[in-house]
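In what follows, a structure is listed as structure tokens, so that the remarks can point back to it.
The values are calculated or read from the model by the stated rules, or taken from the named source; none is laboratory data. This is a predicted model, so every value here is computed, not measured. Every residue, glycine among them, receives a Cβ derived from its backbone with ideal geometry; neighbour counts consider all protein chains shown.
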Amino acid sequence: MDDTHAPHPASDTTLYGIAELARAYGVTQRTIRFYESKGLLHPQRVGTQRVYTEADKTRLGLILRAKTIGSKISEIKTFLDLYGREGEGRERQLNFVIDKTAEKIAELEDKRDQIETTLSELRVIHSGAKERLAARQPR
């Protein structure tokens, strides 16, 4: 068994190497290092190798989902920091999630409305262009 996926002797948790973690989420190792540099991930070291716990793997999943919906790094860090190392900030974290998701829902609904308006306008233009072209075609 290699050291990158071996149970950690003190806590019986699975550890992942950076390459394995990157593959699991389809990101580059550079992406993971970037999140480390921003304080979002805190790998342990075994010798010179970074190793990540299940908690780190879960955090990376949360980070990537948050980025997908347009969250800023600073917002993600605040969210993760609220939780604390031992989960002591769950209530604060939930309040933060409630506030941020309400903001994001409103923002996305506004974008959806703008997209719907643009689609309606484009459909009118499209239809008008087709009608003008059809009127020019000899029958």
Matching option when the condition is touching a Leu at 6+ places or on another chain (Cβ under 7 Å) and at pLDDT below 85, among GLY84, GLY89: GLY89
Some residue of region 57-79 being in a loop (DSSP other than H, G, I, E, B), of a type in the set (Val, Ile, Thr) and touching a helix residue (DSSP H, G or I) at 6+ places or on another chain (Cβ under 9 Å): yes
Residue list for region 39-84, restricted to those being small (Gly, Ala, Ser) and closer than 14 Å to ALA22 by Cβ: GLY61
Pair list, Cβ < 7 Å and 6+ apart or interchain, from region 110-139 residues that are in a helix (DSSP H, G or I) to residues that are modelled with pLDDT of 95 or more and among the β-branched types (Val, Ile, Thr): none
